[in-house]
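Engineer: Just dropping this structure here.
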């Protein structure tokens with residue numbers, strides 16, 4: 001039994017802005033995206049809990065077994081205060097919203113195979129599909145097998161940018177099947193969720209390339225990255241100002257409008273034959 005599809009349809013607006021808390025590991029992030037996506041399609045019950053089939057979820061996320069007590073306590077400690085964030089295009093997450101978690105009283109139990117997750121209503125609304133939303137396909141394999149902390153968030157951005165949801169000022173060139181974006185260092189760090197001051201060499205070696213390598217191994221997304229240099233007196237090759245990112249075009253789908261029932265047609269003979277008030281001359285008393 002599988003719980004999640006091979007590709008999770010996600011709004012390109014969410015994919016372009018979602019930011020995970022820096023404290024969350026790669027596995028935490030995969031779990032948070034999966035639970036949030038599920039909650040958007042399976043709203044909370046009357047108790048405010050989102051019931052998720054636990055074993056199928058763990059299997060879909062790469063046989064994520066329940067850790068021992070120490071590891072489990074550490075994970076819930078990370079989730080207790082971590083937040084999901086977005087920019088102004090996702091107003092429900094703009095101020096940051098606590099990530100889904102499991103109440104302490106039921107962390108060691110399941111009910112009929114389901115685990116009760118506490119999911120804030122802002123997350124439920126953000127991940128719910130709405131008519132007209134442009135959706136990009138998030139590969140489940142990335143959630144199941146990625147181990148770099150930044151792989152999942154980079155995949156989300158590549159999907160959004162490859163669908164055309166990116167700042168116009170970044171677009172350097174577009175050819176058949178791909179586009180090249182020139183992204184300043186500070187912007188790229190913010191987009192991928194990399195905090196703290198990083199040298200360009202450390203950024204690309206320790207943060208970007210491990211994520212890019214995993215994306216190439218796990219998905220068919222076309223991606224390449226190289227530093228963009230500006231002239232510098234001190235550095236012969238120039239100063240790194242940002243990165244040129246080659247991104248393959250991403251196919252999207254649009255959430256359809258709900259089907260509307262056709263209006264009921266009442267046969268003419270069923271209408272009342274009573275005359276319209278004032279239309280019958282016999283009913284009008286004219287005084288001279």
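The values are calculated or read from the model by the stated rules, or taken from the named source; none is laboratory data. Only a predicted model underlies this, so the values are computations on that prediction, with no experimental measurement involved. Cβ atoms come from the backbone with ideal geometry, glycine included; neighbour counts cover every protein chain shown.
Engineer: Of the numbered conditions (1) touching a residue at least 24 places away in the same chain (Cβ under 8 Å); (2) in contact with a helix residue (DSSP H, G or I) (Cβ under 8 Å, 6 or more places away or on another chain), residue 130 satisfies every one except a single condition; which is it?
Structural biologist: (2)
Engineer: Looking at 36, 17, can you tell me which residue is in contact (Cβ under 8 Å) with a residue 24 or more places away in the chain and out of contact with any helix residue (DSSP H, G or I) (no Cβ under 7 Å at 6 or more places or on another chain)?
Structural biologist: Working: 36 fails: out of contact with any helix residue (DSSP H, G or I) (no Cβ under 7 Å at 6 or more places or on another chain).
Sole residue among the options that is in contact (Cβ under 8 Å) with a residue 24 or more places away in the chain and out of contact with any helix residue (DSSP H, G or I) (no Cβ under 7 Å at 6 or more places or on another chain): 17.
Engineer: How about the range 91-138: which of its residues are within 18 Å of the chain's Cα centre (by Cα), assigned to a loop (DSSP other than H, G, I, E, B) and surrounded by fewer than 20 Cβ atoms within 10 Å (Cβ to Cβ)?
Structural biologist: Scanning the range 91-138 gives 94, 95, 96, 128, 129, 130, 131, 132, 133.
Engineer: Picking from 8, 84, 4, 33, which residue would you name as being at pLDDT 95 or above, under 20 Å from the mean Cα position of the chain (by Cα), buried (at least 17 other Cβ atoms within 10 Å of the Cβ) and part of a loop (DSSP other than H, G, I, E, B)? Give the derivation first.
Structural biologist: On the way: 8 fails: part of a loop (DSSP other than H, G, I, E, B); 84 fails: part of a loop (DSSP other than H, G, I, E, B); 33 fails: part of a loop (DSSP other than H, G, I, E, B).
Only one candidate passes the filter, namely 4.
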